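Input: a single structure, listed below in structure tokens.
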Amino acid sequence: MGSSLSKLVENYLKLLTAKRKETENEIPLSPFIESMRKKAVKVPADFDYKKELEDAIWEKHRKGYEKNFD
């Protein structure tokens with residue numbers, strides 16, 4: 001037959017309340033990916049990820065170097 005009235009209303013309201021519209025060039029994201037976007041970590045505007053990555057790599061290799069000579 002067709003969709004129930006409650007399902008039609010639900011879908012209509014979802015459409016009206018959507019935060020952003022998909023453009024023709026966008027790939028729709030799965031519900032899992034959408035949920036991950038909402039859980040993203042907020043970092044300060046001046047966060048230097050390259051410096052943090054460099055420090056983490058340096059620390060990792062420093063520990064390995066020290067183990068070899070202890």
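The values are calculated or read from the model by the stated rules, or taken from the named source; none is laboratory data. These numbers come from a predicted model, not from an experiment. Reconstructed Cβ throughout: ideal geometry from the backbone, glycine too, with neighbour counts over all protein chains shown. Accessible surface areas use protein heavy atoms only, side chains included; no ligands, DNA or RNA. Shrake-Rupley method; radii C 1.70, N 1.55, O 1.52, S 1.80 Å.
Brief remarks follow.
- Only a single item in (1) modelled with pLDDT of 85 or more; (2) open to solvent by less than 90 Å² (accessible area, probe 1.4 Å); (3) part of a helix (DSSP H, G or I) is not met by H61, and it is number (2).
- Unmet requirement for Y12, which otherwise passes all of (1) part of a loop (DSSP other than H, G, I, E, B); (2) surrounded by 10 or more Cβ atoms within 10 Å (Cβ to Cβ); (3) at pLDDT 80 or above: (1)
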